[in-house]
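S.K.: This is the structure I want to talk about, given as structure tokens.
What follows is calculated from the coordinates using simple rules that are stated; it is not laboratory data. Since the model is a prediction, treat every value here as computed from it, not as a measurement. Note that we place each Cβ from the backbone using ideal geometry, even for glycine, and neighbour counts take in every protein chain shown.
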Amino acid sequence: MWCRAYTRPVVRTFLAAVLAVALLPLIVLGNLSIWASGTVLDESAFAATVSRSLEGPAVETLLAEQTAGAILDVANETPVLRDALVTQVLGLDVSAPAGQVRTVLDSRVRVTLNRPLVRDARDDAVAAVHALLVGGPDAARTPVAVHGTVVVLDLGPLVSRVVAELDPRLTQAGLPGVPPGLVVVELGGVGELREVGDATATLDRGRIVAPLLVAGIGLLILVLAHRRMRALGLIGGAGMIGGLLSLAALWFGGGVLNATAESSGSITDRVTADAYGAFASTLADQSLLLVAGGGILALAMAMLLIVAGGLARLTAWRDSRA
């Protein structure tokens, strides 16, 4: 009888501890899912954040360079159009060196990128990229396209808008539209983006399922635990560790993305790193609240246990003196 009475609380405490460990990944998933539902998965929030990233100096320079290069590639096929671009649009001498032409055109294109019609084309591209991230390659729509094993963003519509806004005379002079595929930005492999789509679907489901599981397991821990205050402290500690794990993942992911963007010089990598940095602030705030809330709960329960233990010892001492 004594053995059974002793081992039963031990078993219950052990099971509660195991459930607290199982709670950790669910807390992290719930934290990420709630964050994703208000950022990456929300089309308006995603579009606003990515649009701000596209307006950053580094990204805008890369975008202007690619757009200007596409315009020159099309114009250079017809000497008359090339001369019209150089003299009438850019205001240079027809014999101006190629480097000077490219520098002036880059500058003019960068200003034109902020025109309303060009912004509309950019917003269409951002919406198509969002659909790709949420739905995977099967959800790709123009100007996103699947080329074999690679998914690309066709900048042709954007470049055409830039040409029209740069100077209407270019189109009137017969400058042809940018053919599909002339200037594209690689977004990633089909397999990689399919995994991204699966991950976003998991996060979408997790924003409802994970909090319910966390609440259910937390309640089960309280039911199983031999001491309720200790169980509450255990749950608080799990929440604090889950928040710290989220912050660690956030820091690691940002470091990898920034390093990749610096080394590759790709528009996609630069925009991804900048947008991640903007989105990350929300997740950091959530995680810090989780750390603070869990830590306060764990500390409060620990202090209550210490006070309760002290009072019990004091009562026992008084009884022994009586």
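S.K.: What ranking do 282-295, 248-261 get when scored by the average of other Cβ atoms within 10 Å per residue, highest first?
M.R.: 282-295, 248-261
S.K.: Where in the chain are the helices, taken as whole DSSP H runs, whose Cα atoms extend 24 angstrom or more along the long axis and whose Kyte-Doolittle mean reaches at least -0.5?
M.R.: 2-38, 57-75, 116-135, 190-224, 228-264, 267-321
S.K.: Still on this structure, please answer the following. Run the dipole for the range 53-190 about the Cα centre, Lys and Arg Cβ at +1, Asp and Glu Cβ at -1, nothing else charged, and hand back the magnitude in debye, nearest 20.
M.R.: 180 debye
S.K.: Suppose the Debye formula is applied to equal point scatterers at every Cα of the range 169-322; what is log10 I(q)/I(0) at q = 0.09, 0.20 Å⁻¹?
M.R.: -0.55, -1.28
S.K.: Then there's this: What percent of all Cα-Cα pairs in the range 46-136 falls into each 5 Å bin, going from 0 up to the bin containing the maximum distance?
M.R.: The percentages, shortest bin first, are 2, 13, 20, 21, 15, 12, 8, 6, 3, 1, 0.
S.K.: Could you compute the FRET efficiency for residue 311 and residue 288, with r as their C-beta to C-beta distance and R0 at 41 Å, rounded to 0.05?
M.R.: Rounded to the nearest 0.05, the efficiency is 0.75.
S.K.: If each residue's Cβ is checked for other Cβ atoms within 10 Å, how do 193, 203, 222 rank with the fewest at the top?
M.R.: 222, 203, 193
S.K.: Counting other C-beta atoms within 10 Å, and keeping those with at most 15, which DSSP coil GluC sites (Glu not before Pro) do you find in the range 38-111?
M.R.: Taking the range 38-111 and a limit of 15 other Cβ atoms within 10 Å, the loop GluC sites (Glu not before Pro) found are 55, 77.
S.K.: On to the next question. Relative to the compact globular guide of 2.2 N^0.38 Å, what is the alpha carbon radius of gyration of the chain, as a ratio?
M.R.: Normalised Rg, Cα atoms only: 1.50.
S.K.: So who's got an amide H within less than 5 Å of the one on residue 136, skipping anything under 5 residues away but keeping other chains? H placed 1.01 Å off N, in plane.
M.R.: When sequence neighbours closer than 5 places are left aside, the close amide H contacts are 197.
S.K.: Quick one: which of 184-191, 88-95 comes out on top by average Cβ neighbours within 10 Å, and what's the full order, highest first?
M.R.: Order by mean packing, descending: 184-191, 88-95.
S.K.: Just to confirm my numbers, what's the Cα centroid distance between the range 245-294 and the range 179-209 in Å?
M.R.: 18 Å
S.K.: To continue, here is another question. By count of other Cβ within 10 Å, fewest leading, how are 44, 160 ordered?
M.R.: 44, 160
S.K.: Can you compute the helix-only [θ] at 222 nm over the chain? Use -39500 (n - 2.57) per DSSP H run of at least 4 residues, normalise by all residues, nearest 500 deg cm²/dmol.
M.R.: Counting only the DSSP helices, I get -27500 deg cm²/dmol.
S.K.: Positive end of the charge dipole of the range 1-110 (Lys, Arg +1 and Asp, Glu -1 on Cβ, about the Cα centre): tell me which of 75, 23, 91 has its Cα farthest that way.
M.R.: Of the candidates, 23 comes out farthest on the positive side.
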